[in-house]
Amino acid sequence: MSVVATDSGHLISLDLSSGTEIAAIDIGPGASSVVIGDGDAVEVSRYDTGTTGEGIVVVSGRDHAVRGIATMALGGLAVGEAGTVWALEKAGNVLHVDPATGRILGRVAVVVDVNEHMEIVAGAGARWVSSDHTPVRRIAAETSMTCRSPACMTESHRNGTWRHTASRLGRSSVLESSQTAPALGPSP
């Protein structure tokens, strides 16, 4: 298990069975979310990229090699399919990232309040994005994660009505709820 010590700028690897610290890896300040990647990799998001411009930090191998991936400051990080991750930039972009190569596979714009807590989580075949006072948004992943269509659909919900608009923003569609804490049911 790994946790972030935000103030000291360390990723701390723990042995839960013995309750001991295995390693403290210097990843720099501003870290927030931690996800376990493929193999021995751990990906960490940064809410403040400082001077590095690297919003995602990847730690891998027995030697705990650290490398960064260039993004803007992040509000959250979620596990994707086939070793990928989804990153929520505080500026309002959701990125689909391959941490092995550092390549951005797709990008979808969402509205979030940049001065609030925000998060992205995975569940029910989609990614869910919100901040304290903005609606929950569902980002439906294509089954192959590589939408070949030039236009993916954006769906929004206002006052009980769904609107569909074509979007050329990337590989996903966005569904928006007008409630900040909706009752979640089956995916549409």
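The values are calculated or read from the model by the stated rules, or taken from the named source; none is laboratory data. Please read these numbers as outputs of a predicted model, since none were measured by experiment. Ideal geometry is used to build each Cβ from the backbone, glycine not excepted, and the neighbour counts take in all protein chains shown.
Here R62 does not qualify as touching a residue at least 24 places away in the same chain (Cβ under 8 Å) and not β-branched (V, I, T).
Criterion first (within 13 Å of S33 (Cβ to Cβ), surrounded by fewer than 16 Cβ atoms within 10 Å (Cβ to Cβ) and not aromatic (F, W, Y)) does H133 satisfy it? Spelling it out, it is not the case that H133 is within 13 Å of S33 (Cβ to Cβ), surrounded by fewer than 16 Cβ atoms within 10 Å (Cβ to Cβ) and not aromatic (F, W, Y). Residues that are more than 30 Å from I22 (Cβ to Cβ) and out of contact with any helix residue (DSSP H, G or I) (no Cβ under 7 Å at 6 or more places or on another chain) number at least 2 in the following strands (runs of 3 or more DSSP E) confined to the range 58-144: 93-98, 103-109, 126-131, 137-141. Annotation note: of A78, A82, A122, A73, the sole residue that is of a type in the set (A, V, I, L, M, F, W, C), buried (at least 17 other Cβ atoms within 10 Å of the Cβ) and modelled with pLDDT under 90 is A122. Within the range 22-34, take every residue that is of a type in the set (A, V, I, L, M, F, W, C) and surrounded by 17 or more Cβ atoms within 10 Å (Cβ to Cβ) and give me the one that is nearest to H117 (Cα to Cα). Per the stated criteria, the residue is A31. Contact map, the range 68-81: residues that are polar (S, T, N, Q) paired with residues that are buried (at least 18 other Cβ atoms within 10 Å of the Cβ), Cβ distance under 8 Å, separation 6+ or inter-chain. Pairs shown: T71/T49; T71/E54; T71/G55; T71/I56; T71/A87; T71/E89; T71/L95; T71/V97. Checked against the criterion of being crowded, with 20+ Cβ neighbours inside 10 Å and over 20 Å from A140 (Cα atoms), the range 92-115 contains one or more residues that satisfy it.
When we screen G19, G55 for residues that are over 16 Å from S131 (Cα atoms), out of contact with any helix residue (DSSP H, G or I) (no Cβ under 8 Å at 6 or more places or on another chain) and crowded, with 18+ Cβ neighbours inside 10 Å, the only hit is G55. Step by step: first the residues of the range 6-34, then only those that are touching a Gly at 6+ places or on another chain (Cβ under 9 Å) and aliphatic (A, V, I, L, M), then the one that is modelled with the lowest pLDDT. Which residue is that? Top of the filtered list is A31. Against the criterion of being surrounded by 15 or more Cβ atoms within 10 Å (Cβ to Cβ), touching a residue at least 60 places away in the same chain (Cβ under 8 Å) and not aromatic (F, W, Y), G37 qualifies.
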